[in-house]
Amino acid sequence: MKCVITGYGIVSRVGIGARDFERGMQGEPVAFVRATDAGYEADTLVAPASNFDPKVYLGEKGLRSLDQQTKLVLAASRLALHDSGLKQDEAWRNGDAETTGFILSTAYPSLEAIHELVRVFLLEEPRYINPNQFPNTVSNTPAGYASIWEGYRALNVTVSTGNTGGLDALCLAESFLATGRAKAIVVGGADSLSPALVAGIGLTGAQIVAGEGAALLALESEANAAARGARQLATILGFGSSTAFTDENSAVHLSSSALSAAIELALEDAGISVNDIDLVVSGLGAHQKADIVELEAIDALLPNAPLAAPKRYFGETFGAAGTFAIASALAWRDGVPAAAMLRGATSQPRMLLITSLGLYGNATACVIRLNARES
Amino acid sequence: MSAHRVWITGAGVVSALGIGRKAFGRALLAGETGISRVRSFDTERIGRHYAGEVHQFDAAASLTRDELARLDRCAAMAVTAAREAIEEARLTSLTHAATIMGTTMGDAVLLSDLEATWVQHGLDAVKPVDVKRYSCSRLATEVARSVGARGTTLTLNAACAAGNYALGVARDLIARGKAEVVVVGASEVIAPLQYAGFVRLAAMSPDLCRPFDANRQGIILGEGAAVFVIESEAHAEARGATPLAELGGWGLSCDAYHVTRPHPEATGSINAMRDAIARSNIDPTAIDFVNAHGTGTKYNDLAETIVMREVFGGRRVPVTSNKSALGHCMGAASALEGVSCLVTLETQMIPPTINYETPDGDCDVDLVANVARAAKVDILLNNALAFGGYNAVTCFAKPGVLPPPSAIEEAS
């Protein structure tokens, strides 16, 4: 069974919604901002979704006890449903609640609520912890809210594998569709900027440009998409993921051999070879140290393939990075701007390898085929 | 091509009822309690004082010095349980094994400690090396690292259904031929903020957890870890391993109703249980026992009673809740309860729901109350519900009892 992407919803620094994002990804990257200028305590750069106003997408009601991550998720989820035609203007069109599922990847969930409530707990009294806010300390709450808002009843899953999570969520979605647990799944990742996240990155000195956003794809079987006459933007061809460690006893572990193994497994799963790849959409561009390791793996296997670094546009979006990369690929169907290319050039890439390197010894890769734009 | 059967060949436990699955099973069947006064933090200002803390856990007993340095308590318990499971499975090479772990928050204690240092001593006092240690993703990757598994790693955050989510996703990997061996389980620790939060939700009992009792007053939080080794029938056969049980089909659904309360008509939970039964290729009549989620809250136990009535009709299927003894171990709950399911299949004894005194007319389930019950159990279900409207049900059976996996579970 082949799975196809039939639409996507995105909230990011580059753009909000598929069209706006596409336009942004075809231009020059917008400069990142100093974390201190965005109100955070860290000597680092950040990429906040500055233009995001949740009320535009969700209305005024029911937003008060939601954290920023949940608002990003809800807006992107609504945009993905609209873009795919599954559900529009609060009405299911040719999709339905019972057979549609939702899967979210988040690398650093609940940091906003925990940061705030720990202060209530320590400095005030435990009895002032707001019970409406407490569920936000539970990591699957944003995904749970997506089901409450849109009605996804077939399944709801939250996965946390750090920066590879977007692709890992997609791989899970493929499995759930293949085993007939849903007809369509809105799947992707979201992480928000928060005082704890940005301060934490600042403390580690990692020089990661923390980005904010949600990127959710509407995924369904080719047959389901055809039956409902949906656009098929891209086809998922294969996945691979692996883990590797050296003897170094550190918590953070960047492994090029894990990524090499993941790439080889993904190519094997897709039944293609390195020579078939028109473009590598990498995880490069927001974390210098990780870039060196990721490049090592890509260079070893695909030294000549055109290589894009989409994170130059939206920063490191952590749990959302994998589906941000796929959304970037969709935005580049008719060509990749030179500003996004690390090497080589490509006009109409079709066969793409998406790579993502985890911070904890893990790595995931995915092969997709882009379909030509329908006129 | 038909799907692969999935065998459980090893299990390990770190729990308030004992370290190691033998001690755990013995204590469960004896009706012992793991609930005691909270020791790891001061509960004075919180207004509740009991939990199922794991006092006996000594990380140094099973971890290397390097592991002790890099692992938090949540991952340390998981690694300990994983080692026991791998030893029981007599598995010597795990190179291609996947690792899937469920949790609510991973190491919530580390995160509260970092935040507390920030509040009390300023950001400069927070140690970068400790910041780098925080990530719930590390639960799965660190288990993989410690046991030498180098395949896919996934941490599934599915709140109080996380154990079943992990088991289910792992099962599908093997059933579809995507992995031959998976190290799978769940782990959770009690953090002060979470403890206080449940109190503020008015969900925490002042003394005991009394599932299905008319006077139930809510949950008692617990902690622990349980990990299994599961593998394809072919893989187990090839290495001459003895299956402890078969992991059958599983069901999941989402209520899409309320972020903390189950659907009052339990629709999602009913669908998940029916799905688990259908995907195991059996009828409801084949189910001999249900290990309930049984949190001891008003809403949960009512919802589960409806599920039992709707799924099994007039037939009274025995039910028990391990949470009366272990407390609610959140993400780890359904994994620990999965080990209890193994105990039942092996001993043909159902552990009791302790603390049961007053029947509730609205919860008229066939509860195994206070004393373990001997019963013929070939096939059973492990039920879980969670925040976010998450429902997941797994099926455990004696090896060879379930029909072969069906076309709906087609291997790719």
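Is it the case that some residue within region A:350-370 is within 21 Å of A:D20 (Cβ to Cβ) and not acidic (D, E)?
yes
Which residue pairs have Cβ atoms closer than 6 Å, lie 6 or more positions apart in sequence or on different chains, and pair a first residue in region B:296-310 that is free of Cβ contacts under 8 Å to residues at least 60 places away in the same chain with a second residue that is assigned to a loop (DSSP other than H, G, I, E, B)?
These pairs meet every condition: B:Y299/B:R261; B:Y299/B:P262; B:I306/B:A266; B:M308/B:V365.
Anything in region B:65-98 that is exposed (fewer than 13 other Cβ atoms within 10 Å of the Cβ) and within 21 Å of B:V229 (Cα to Cα)? List them, or say none.
B:E87, B:T92, B:S93, B:T95
Look through B:T33, B:T9 and report the one residue that is assigned to a strand (DSSP E or B), farther than 15 Å from B:A186 by Cα and among the polar types (S, T, N, Q).
B:T9
Can you tell me how many residues within region B:136-150 are open to solvent by 10 Å² or more (accessible area, probe 1.4 Å) and in contact with a helix residue (DSSP H, G or I) (Cβ under 8 Å, 6 or more places away or on another chain)?
Adding up the residues that qualify gives 3.
Which ones in region A:353-375 are outside any strand (DSSP E or B) and either away from chain B (no Cβ under 14 Å) or modelled with pLDDT under 95 (or both)?
Those that are outside any strand (DSSP E or B) and either away from chain B (no Cβ under 14 Å) or modelled with pLDDT under 95 (or both): A:N371, A:A372, A:R373, A:E374, A:S375.
Tell me yes or no: at least one residue of region B:204-222 is within 14 Å of another protein chain (Cβ to nearest Cβ) and open to solvent by 10 Å² or more (accessible area, probe 1.4 Å).
No, region B:204-222 has no match at all.
Please list, ordered by residue number, the helices (runs of 4 or more DSSP H) wholly in region A:108-196 having 1 or more residues that are more than 25 Å from A:A49 (Cβ to Cβ) and either within 7 Å of chain B (Cβ to nearest Cβ) or modelled with pLDDT under 95 (or both).
A:111-123, A:165-178
Take A:S50 and tell me if it is touching a Pro at 6+ places or on another chain (Cβ under 9 Å), modelled with pLDDT under 95 and in the same structural domain as A:H115 (by TED's automatic domain parsing). Walk me through how you get there before you give the answer.
Values: touching a Pro at 6+ places or on another chain (Cβ under 9 Å): no; modelled with pLDDT under 95: yes; in the same structural domain as A:H115 (by TED's automatic domain parsing): yes.
No: the conditions fail for A:S50.
Of the residues A:L295, A:L352, which is aliphatic (A, V, I, L, M) and touching a strand residue (DSSP E or B) at 6+ places or on another chain (Cβ under 7 Å)?
Going through A:L295, A:L352 in turn, the sole match is A:L352.
Would you be able to tell me the number of residues in region A:1-35 that are at pLDDT 95 or above and within 14 Å of another protein chain (Cβ to nearest Cβ)?
2
If a residue must be open to solvent by less than 10 Å² (accessible area, probe 1.4 Å) and either within 14 Å of another protein chain (Cβ to nearest Cβ) or more than 27 Å from B:G10 (Cβ to Cβ) (or both), how many such residues does region B:373-393 contain?
Number satisfying all stated conditions: 7.
Kindly indicate which of A:E60, A:E98 is within 14 Å of chain B (Cβ to nearest Cβ) and either open to solvent by 20 Å² or more (accessible area, probe 1.4 Å) or outside any helix (DSSP H, G or I) (or both).
Within the list A:E60, A:E98, the selection yields A:E98.
Quick grid of which residues meet (1) under 25 Å from B:R70 (Cα atoms); (2) of a type in the set (F, W, Y); (3) in a loop (DSSP other than H, G, I, E, B):
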{"site": "A:F245", "(1), (2), (3)": "yes, yes, yes"}
{"site": "A:L259", "(1), (2), (3)": "yes, no, no"}
{"site": "A:L265", "(1), (2), (3)": "no, no, no"}
{"site": "A:D269", "(1), (2), (3)": "no, no, no"}
{"site": "A:N275", "(1), (2), (3)": "no, no, no"}
{"site": "A:G285", "(1), (2), (3)": "no, no, yes"}
{"site": "A:A290", "(1), (2), (3)": "yes, no, no"}
{"site": "A:L295", "(1), (2), (3)": "no, no, no"}
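Of A:L259, A:L265, A:L254, A:L301, which residue is aliphatic (A, V, I, L, M), open to solvent by 50 Å² or more (accessible area, probe 1.4 Å) and within 25 Å of B:A179 (Cβ to Cβ)?
Exactly one of A:L259, A:L265, A:L254, A:L301 is aliphatic (A, V, I, L, M), open to solvent by 50 Å² or more (accessible area, probe 1.4 Å) and within 25 Å of B:A179 (Cβ to Cβ), namely A:L265.
Would you point out the residue of region B:123-135, among those that are part of a helix (DSSP H, G or I) and of a type in the set (D, E, K, R), that is surrounded by the fewest Cβ atoms within 10 Å (Cβ to Cβ)?
B:D124
Surrounded by fewer than 16 Cβ atoms within 10 Å (Cβ to Cβ) and either touching a helix residue (DSSP H, G or I) at 6+ places or on another chain (Cβ under 9 Å) or of a type in the set (A, V, I, L, M, F, W, C) (or both) - does that describe any residue in region A:283-295?
If we filter region A:283-295 for residues that are surrounded by fewer than 16 Cβ atoms within 10 Å (Cβ to Cβ), which is where we start, we get A:288-289, A:292.
From the residues that got through so far, the ones that are either touching a helix residue (DSSP H, G or I) at 6+ places or on another chain (Cβ under 9 Å) or of a type in the set (A, V, I, L, M, F, W, C) (or both) too are A:292.
For region A:283-295, residues surrounded by fewer than 16 Cβ atoms within 10 Å (Cβ to Cβ) and either touching a helix residue (DSSP H, G or I) at 6+ places or on another chain (Cβ under 9 Å) or of a type in the set (A, V, I, L, M, F, W, C) (or both): present.
Could you please find all residues in region A:1-21 being touching a helix residue (DSSP H, G or I) at 6+ places or on another chain (Cβ under 8 Å), under 19 Å from A:A372 (Cβ atoms) and either in a strand (DSSP E or B) or without any contact (Cβ under 8 Å) to a residue 40 or more places away in the chain (or both)?
Selection gives A:C3, A:V4, A:I5, A:T6, A:G7, A:Y8.
Filter region B:280-294 down to the residues that are open to solvent by 10 Å² or more (accessible area, probe 1.4 Å) and either under 22 Å from B:A332 (Cβ atoms) or under 22 Å from the mean Cα position of the chain (by Cα) (or both) and list them by number.
Residue satisfying the conditions is B:D288 alone.
Counting only residues that are of a type in the set (G, A, S), open to solvent by less than 10 Å² (accessible area, probe 1.4 Å) and more than 17 Å from B:L208 (Cα to Cα), give me the helices (runs of 4 or more DSSP H) lying completely in region B:295-372 with at least 2 of them.
It comes to B:333-347.
Would region B:37-48 turn up any residue that is more than 24 Å from B:G338 (Cβ to Cβ), facing chain A (nearest Cβ under 8 Å), part of a loop (DSSP other than H, G, I, E, B) and without any contact (Cβ under 8 Å) to a residue 60 or more places away in the chain?
So far as region B:37-48 goes, yes, one or more of its residues are more than 24 Å from B:G338 (Cβ to Cβ), facing chain A (nearest Cβ under 8 Å), part of a loop (DSSP other than H, G, I, E, B) and without any contact (Cβ under 8 Å) to a residue 60 or more places away in the chain.
I'd like to check something: does region B:163-173 contain any residue that is among the acidic types (D, E) and within 25 Å of A:T243 (Cα to Cα)?
The first filter runs over region B:163-173 and keeps only residues among the acidic types (D, E), leaving B:172.
Okay, now just the ones that are also within 25 Å of A:T243 (Cα to Cα), so B:172.
Yes - at least one qualifying residue is present in region B:163-173.
Has region B:155-172 got at least one residue that is free of Cβ contacts under 8 Å to residues at least 12 places away in the same chain and open to solvent by 10 Å² or more (accessible area, probe 1.4 Å)?
No: region B:155-172 contains no residue that is free of Cβ contacts under 8 Å to residues at least 12 places away in the same chain and open to solvent by 10 Å² or more (accessible area, probe 1.4 Å).
State which residue pairs qualify: first residue under 16 Å from A:A206 (Cα atoms) and inside region A:22-47, second residue part of a loop (DSSP other than H, G, I, E, B) and aromatic (F, W, Y) in any location, beta carbons under 8 Å apart, and separation of 6 or more residues or different chains.
Going by the 8 Å Cβ cut-off, the qualifying pairs are A:L45/A:F32; A:V46/A:F32; A:V46/A:Y40; A:A47/A:F32.
The values are calculated or read from the model by the stated rules, or taken from the named source; none is laboratory data. Predicted, not measured: the structure shown is a model, and the values here were computed from it. Glycine also receives a Cβ, built like all others from the backbone with ideal geometry; neighbour counts cover every protein chain displayed. Side chains are part of the model used for accessible areas, which takes the heavy atoms of the whole protein and leaves out ligands, DNA and RNA. Shrake-Rupley method; radii C 1.70, N 1.55, O 1.52, S 1.80 Å.
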